[in-house]
1. Give me the log10 of I(q) over I(0) for the chain at q = 0.10, 0.19, 0.21 Å⁻¹, as the Debye formula computes it from C-alpha points; what are the numbers?
2. Once you list every other residue whose beta carbon is under 15 Å from the beta carbon of residue 9, what net charge do they have if Lys and Arg are +1 and Asp and Glu are -1?
3. Could you calculate the FRET efficiency of residue 6 with residue 108 from 1/(1 + (r/R0)^6), where r is the beta carbon distance between them and R0 is 35 Å, rounded to 0.05?
4. Which FRET efficiency value, to the nearest 0.05, is calculated for residue 19 and residue 40 with the Förster distance at 22 angstrom and r the Cβ-Cβ distance?
5. Hey, what do the phi angles of region 108-118 turn into as Karplus ³J(HN,Hα) couplings, whole Hz, using 6.51/-1.76/1.60 and θ = phi - 60°, x for Gly and Pro?
6. Taking a spot 7 Å from the Cα of residue 28 along the direction of its beta carbon, which residues of region 60-94 have an amide N less than 19 Å from it?
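Rule-based calculations on the coordinates, nothing more; no lab input. Please read these numbers as outputs of a predicted model, since none were measured by experiment. Cβ atoms come from the backbone with ideal geometry, glycine included; neighbour counts cover every protein chain shown.
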Amino acid sequence: MSAIVFPEQTLHGPYPLTHDDIHAVVLEGVPGVYVLGTANSETNLTPEYVGRDDSDLRRRLLRWAGEAPSSHFLFKHVTSPEEGYEEESRLYHQHEPGRNKIHPASPEGHELTCRHCPPIEAAGADRRPR
Ligand SMILES: [Zn+2]
């Protein structure tokens, strides 16, 4: 697991994982990718979970607010399932967040292959040590 140092190349944040902050910065009814984590300082966050919502990122984050042990989130709106899967997979492999037990799934109806996987595990298998 590696810390995310800000500004991250594509993500907005970090923002506190609260209803008010989510409503203030995340659009309604738009797909996106997010990272939950704990902010260590103004410029550094330990990622704990990477996720994606193919229809409504805001609704997904609101569900996490008040439940997740994470204090902060980062996010990015995406314009297609392909972009969402690509971004989520990049973050998953780059940071290997401790609460992600399995590799991100391809969006429903799309048979996408992760280009960040080591070649031998390109089928999208769980690559975390047990
Ligand atoms: Zn992969």
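1. -0.29, -1.07, -1.28
2. Here the charged neighbours net out to -3.
3. 0.60
4. Values: r = 23 Å, r/R0 = 1.07.
Once rounded, the FRET efficiency stands at 0.40.
5. Couplings: 4, x, 10, 9, 8, 10, 6, 8, 9, 5, x Hz.
6. Answer for this model: 60-65, 77-78.
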